[in-house]
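Let me begin by presenting the structure, written as structure tokens, before commenting on it.
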Amino acid sequence: MPGTRAIVFLTDFGLDSEWVGICHAVISRIAPEARVIDLSHFVEPLGVEAGARLLTDSMRYLPDDAIVLAVVDPNVGADRDIAIESKDGRLLVGPDNGLLSSAWTAGGGVARAVEITSPDVIVQPVAPSFHARDILSPAAAHLAAGLPLEALGAAIEASSLASLDIRKPQVEPGKIRCEVIDANRFGNVQLNVRESDLALGGLHDSPRLSVESLAGWVEVRRAETYADFDRGEYGVIFDPRGWLTIIRGNPGNALQDLHLSIGDMLWITETAAAGPGSAQT
């Protein structure tokens, strides 16, 4: 159908079940011309904040008219299913648990919001534990095919929507208390630290930093890309999403070698402030 909009799809489902595929199939039945862009299906399981962060980091690269379908829903069946139009015209579909809140904030705030309740949209019978298939995917597909937002259900007040506060680092002169927010298959460790945080802490021009974790202190060298580090050397770069990331030169796995896990808290300081020695791995 001419004019059918793309759908950008984000979940924590993984790919070891039929869940992603069946959502694609439901979308295809309703809007067969809609192109589905799989942003990621490997958000940390039940990680609403991780999903919100990934979605928000990606918004500037998405097609302007794409429908965003995001499902990370620990309380599926309990939270409302909603569709949002942000003030920049973006349409967002997902659970009302804060997952979409950073994205609509990046879009200037909420212009309109509805709860998805229309029997003409919802696929019956609704499985209480799979609203992604029966409510959210159909809603996104109908929007992609041109259905007006208000046809999905009754309007709801923007002030009633769940909002999520993304945790920020604690920045002090010469040091930053931060959190491990993600890690990739190569063992690179993403921290909730932006360039502006390093600048605020007076660390932006430091060529070397020290990181304190459960494994002790380790010195890390600042650089721009993975190829800048020697074999086994620890370093930090800003990854493509703009987060400070600890790496270890190939072969090396910073996540394993520093005994880190998502959610761990770390100190970053000027090297001179670190304790004696470095982490031994």
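Nothing in this text is a laboratory measurement; each read-out follows from the coordinates by a stated rule. All of these numbers come straight from a predicted model, not from anything done at the bench. Counting neighbours? That spans all protein chains shown, and the Cβs are built from the backbone with ideal geometry, glycine included.
Using a Förster distance of 51 Å, how high is the FRET efficiency between ALA227 and ILE166, based on the Cβ-Cβ distance and rounded to 0.05?
That gives a FRET efficiency of 0.95.
Give me the distance in nm between label points sitting 7 Å out from Cα along the Cα-to-Cβ direction at ILE22 and ASP205, one decimal.
That separation, rounded to one decimal, is 5.9 nm.
Sticking to Cα atoms, compute the Rg of the range 170-273 to one decimal and its Dmax as the biggest Cα-Cα distance, whole number, in Å.
12.1, 34
Go ahead and set up a Gaussian network model of the chain, Cα springs under 10 Å, then flag whichever of PRO95, PRO138, PRO169 fluctuates most.
Among PRO95, PRO138, PRO169, the largest GNM mean-square fluctuation belongs to PRO169.
Give me the angle, in degrees from 0 to 90, between the Cα long axis of helix 48-58 and the longest principal axis of the Cα atoms of the chain, rounded to the nearest 10.
90
Return the percentage of antiparallel bridges among DSSP beta bridges fully within the range 1-113, rounded to the nearest 5 %.
Expressed as a percentage, antiparallel bridges in the range 1-113 total about 40.
Can you give the FRET efficiency to the nearest 0.05 for ALA111 and PHE42, using r as the Cβ-Cβ distance and R₀ = 30 Å?
0.45
Using only alpha carbons, build the gyration tensor for the range 7-160 and give me the equivalent ellipsoid semi-axes, biggest first, whole Å.
Calculated on Cα positions only, the semi-axes equal 19, 18, 16 Å.
Can you give me the long-range amide H partners of ASP38? Hydrogens built in the peptide plane at 1.01 Å from N, cutoff under 5 Å, separation of 5 or more residues or another chain.
Answer set, sorted by chain and number: PHE9.
How large is Rg over Rh for the chain, taking Rg from the Cα atoms and Rh as the Kirkwood inverse mean of 1/r across Cα pairs?
Radius of gyration over Kirkwood radius for the chain works out to 1.05.
Starting at the first residue of the range 9-15, write each ³J(HN,Hα) from the Karplus equation 6.51 cos²θ - 1.76 cosθ + 1.60 with θ = phi - 60°, in whole Hz, x for Gly and Pro.
10, 10, 8, 10, 6, x, 10
Given a cut-off of under 8 Å on Cα pairs at least six residues apart, what relative contact order in percent is computed for the chain?
15
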